[in-house]
Amino acid sequence: MQLSARLIKSPSPFSHCYASLHEVTSNRKGVAKVVLKKGKTQLFRDGSPMVYSGAVDRIIGRPPPKTGDVVLVADGTEKPIGWGLYNSVSMFCVRLMQMEDEAASDPSCALNMEKLLEKRITAAIELRRRLDLPSVCTNAYRLVNSEGDRLSGLIIDIFGNTAVIASSAAWVEKYKSEVEFNVSIHKAITQIKWRPSIDILKEEGLDVADARESNSSPYSESVKVMENGIYYKVLLDGQKTGFYADQRENRQFLSTLSKGQRVLDICCYSGGFALNAARGGATNVIGIDSSLSAIELARENVLLNNLDPEKVSFLRDDATEFMKGAASKQETWDLVILDPPKLAPRKKVLQNASGMYRNLNSLAMQITKPGGLLMTCSCSGAMTQSGMFLRILQGAAAKARKRITVLRHSGAACDHPIDPSYPEGTYLTNILLRVL
């Protein structure tokens with residue numbers, strides 16, 4: 001009662017929100033309060049969704065909250081600033097879900113994860129519709145992008161009538177049935193595949209020894225999708241969620257550069273850049289990948305689009321060895337794409353990964369025709385967030401005895417929104433270089 005009285009007297013424009021959260025908490029016994037350290041509150045008032053354990057001063061509540069429980073997050077005077085989902089073992093102590101002003105404007109969702117999920121997923125669907133997704137030429141896209149859609153730890157990719165749900169937070173596993181329900185009520189989705197991120201969930205404190213990828217209904221092992229008018233076979237057990245929709249706009253841009261060019265696609269996976277180059281009028285396209293299953297999938301996609309296998313071919317080989325061999329023969333291409341796998345999954349391996357990126361790009365520059373173009377990528381969040389990639393490319397150019405200029409610098413497609421208060425969500429870098 002003392003807290004309630006103090007809040008009602010407060011001149012803060014959010015005082016009614018404090019009362020609202022307090023009232024909702026009063027009606028839900030057992031909601032614990034996570035109190036932040038002095039000086040840590042503003043970061044979260046400004047929108048940061050992740051409350052690290054180091055920012056927490058104390059937890060009020062008996063019994064203590066369990067992983068997945070709804071908790072209030074409060075400042076040092078115990079005034080609520082929002083609410084979120086607790087984790088007892090993760091470095092992400094709380095994932096904030098709704099702030100005080102939002103609770104005031106929409107109290108129906110206050111401390112109610114089921115209703116908030118419905119609201120956020122519906123909002124994500126509406127946003128994609130505004131982005132013209134799906135469209136007559138594209139039905140593969142990202143529906144929910146974790147923090148970018150304010151559902152930290154949840155990713156949903158749509159492939160035609162199939163939704164692939166990637167879970168990387170304990171709360172997502174707890175609310176699995178609610179997530180699936182809010183996706184399945186939309187008529188366009190007829191099957192759902194659940195893909196838990198086992199390694200990350202272990203860090204979240206979940207016992208995943210017996211975890212299996214599951215689905216809410218029988219599903220096909222593969223689906224056919226369309227992106228920018230090009231057909232792809234997507235393996236639902238393939239890399240990530242099965243398809244890299246984040247490069248969609250970059251692939252389309254590359255197609256505009258390809259007319260009359262000889263194109264080399266290094267680390268091609270299922271052939272996305274290579275197929276766009278062929279559709280854009282390239283005279284010859286070669287894709288390289290070390291994965292046999294990826295090469296077989298890329299070859300199927302050539303046939304799926306009625307392209308000439310003589311002009312679009314794929315070869316299984318190690319990227320470094322292939323480029324070394326081509327450089328030794330002084331073979332060059334007009335347009336080279338280098339899109340390696342994640343080389344720096346964590347900051348602690350960034351220094352080692354920097355050397356790998358430099359070596360790969362140096363080789364790629366050596367086999368790019370003088371005056372030609374190199375589209376080079378990094379999907380490592382640690383690299384992108386470090387701001388080091390351009391310096392590494394400059395080092396690669398020096399090593400290759402080349403000069404480079406930057407023509408274009410981009411990231412993930414617009415259906416992969418980023419929350420600016422959580423820059424850690426930025427991971428993809430795509431840079432187009434002219435190599436001289």
ask   = Among the residues of the stretch 373-394, is any out of contact with any Leu (no Cβ under 8 Å at 6 or more places or on another chain), open to solvent by 20 Å² or more (accessible area, probe 1.4 Å) and within 23 Å of Ala274 (Cα to Cα)?
value = no
ask   = For the subset of the stretch 167-187 comprising residues that are assigned to a helix (DSSP H, G or I) and among the aromatic types (Phe, Trp, Tyr), which member is nearest to Phe92 (Cα to Cα)?
value = Trp171
remark   = When every residue in the stretch 316-337 that is of a type in the set (S, T, N, Q) and not in a loop (DSSP other than H, G, I, E, B) is compared, the one nearest to Leu433 (Cα to Cα) is Thr320
inquiry  = Can you tell me which condition Arg58 does not meet? The list is (1) surrounded by fewer than 16 Cβ atoms within 10 Å (Cβ to Cβ); (2) touching a helix residue (DSSP H, G or I) at 6+ places or on another chain (Cβ under 9 Å); (3) within 17 Å of Lys38 (Cα to Cα), and all the others hold.
reply    = (2)
key: Among residues of the stretch 406-417, those that are within 21 Å of Met356 (Cα to Cα) and part of a strand (DSSP E or B), counted   = 2
ask   = Among Ala123, Ala163, which is the only one that is in contact (Cβ under 8 Å) with a residue 24 or more places away in the chain and buried (at least 24 other Cβ atoms within 10 Å of the Cβ)?
value = Ala163
Positions within the stretch 276-290 being in contact with a Phe, Trp or Tyr (Cβ under 8 Å, 6 or more places away or on another chain) and open to solvent by less than 30 Å² (accessible area, probe 1.4 Å), in sequence order = Gly287, Ile288, Asp289
message = With the structure loaded, tell me whether Arg248 is farther than 24 Å from Cys137 by Cα, buried (at least 17 other Cβ atoms within 10 Å of the Cβ) and of a type in the set (D, E, K, R) or whether it fails that test.
response = no
message = Please go through the stretch 418-436 and give me each residue that is over 19 Å from Met383 (Cβ atoms), in contact with a Lys or Arg (Cβ under 6 Å, 6 or more places away or on another chain) and not in a loop (DSSP other than H, G, I, E, B), ordered by number.
response = Val435
request  = Just give me the residues in the stretch 130-150 being crowded, with 18+ Cβ neighbours inside 10 Å, basic (Lys, Arg) and not in a loop (DSSP other than H, G, I, E, B), in sequence order.
outcome  = Arg142
remark   = Scanning the stretch 397-418 for residues that are farther than 12 Å from Thr384 by Cβ and within 12 Å of the chain's Cα centre (by Cα), the one surrounded by the most Cβ atoms within 10 Å (Cβ to Cβ) turns out to be Asp415
message = Can you go through Leu117, Leu85, Leu111 and tell me which one is under 27 Å from the mean Cα position of the chain (by Cα) and assigned to a strand (DSSP E or B)?
response = Leu85
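The values are calculated or read from the model by the stated rules, or taken from the named source; none is laboratory data. If you're wondering where the values come from, they're calculated on a predicted model, not measured in any experiment. Neighbour counts run over all protein chains shown; Cβ positions are idealised from the backbone, glycine included. Side chains included, ligands, DNA and RNA excluded: accessible areas come from the protein's heavy atoms. Shrake-Rupley method; radii C 1.70, N 1.55, O 1.52, S 1.80 Å.
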